[in-house]
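Everything below concerns the one structure shown next.
The values are calculated or read from the model by the stated rules, or taken from the named source; none is laboratory data. What you see is a predicted model; the values in this text were computed from it and never measured. Glycine also receives a Cβ, built like all others from the backbone with ideal geometry; neighbour counts cover every protein chain displayed.
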Amino acid sequence: MSALSRRRIRRPMAEINIVPYIDVMLVLLVIFMITTPLLNQGVDVNLPQAKSRPLKANETQPIVVSVDSRGQFFVNIASDPKAPIRAVDLQNMVQQAVASAKQKGQQQVVLVKGDETANYGTIVQAMVLLQQAGVSDVGLMTKQPIR
């Protein structure tokens, strides 16, 4: 009889201890609760659906046209990117860069970076100049809001 009671004591338990799993689940829940509000930034808008891809590091450098608060144009492909440029020179530079990229079989990315205090008409004028230079798609640069 004592041999039977020893077998029952030594028999493996078929129960799972779920306390460690609950601890892990609660830690993951806290992590998700903290990170989820950080992912939703900006204003809620209905964006159009389109298949797009982010810029890759090995693609050509994008052309960035900047408009400052005084309405002056700057372009990063100029010999002096920090010097203001005339509208005609901007159009010619971009036109040459886009034509060169097309000859290589690439699409040149063009972005417009306008100062928030700049005249809206000046930014539109920059976009019209880019369109006349042969740019089909223009992206607008923004910055992340400060929390």
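Residues are listed down the side, and each one gets a yes or a no for (1) modelled with pLDDT under 90; (2) surrounded by 13 or more Cβ atoms within 10 Å (Cβ to Cβ); (3) closer than 25 Å to residue 125 by Cβ:
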{"position": "26", "(1), (2), (3)": "no, no, no"}
{"position": "32", "(1), (2), (3)": "yes, no, no"}
{"position": "37", "(1), (2), (3)": "yes, no, no"}
{"position": "40", "(1), (2), (3)": "yes, no, no"}
{"position": "51", "(1), (2), (3)": "yes, no, no"}
{"position": "90", "(1), (2), (3)": "yes, yes, yes"}
{"position": "100", "(1), (2), (3)": "yes, no, yes"}
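Entry remark, segment 102-116: residues being within 23 Å of the chain's Cα centre (by Cα) and surrounded by fewer than 15 Cβ atoms within 10 Å (Cβ to Cβ) number 3 in total.
For segment 128-145, a residue qualifies if it is surrounded by fewer than 18 Cβ atoms within 10 Å (Cβ to Cβ) and not charged (D, E, K, R), and the qualifying residues are 128, 131, 132, 134, 136, 138, 139, 140, 141, 142, 144, 145. On the stretch given as segment 71-89, residues that are closer than 19 Å to residue 141 by Cα and in contact (Cβ under 8 Å) with a residue 40 or more places away in the chain total 2. Quick one: what pairs do we get from segment 110-134, first residue more than 19 Å from residue 95 (Cβ to Cβ) and at pLDDT below 90, second of a type in the set (Ser, Thr, Tyr) and not in a strand (DSSP E or B), C-beta under 8 Å, 6+ apart or different chains? Short answer, once both residue conditions are applied: 114/122; 115/69; 117/69; 118/69.
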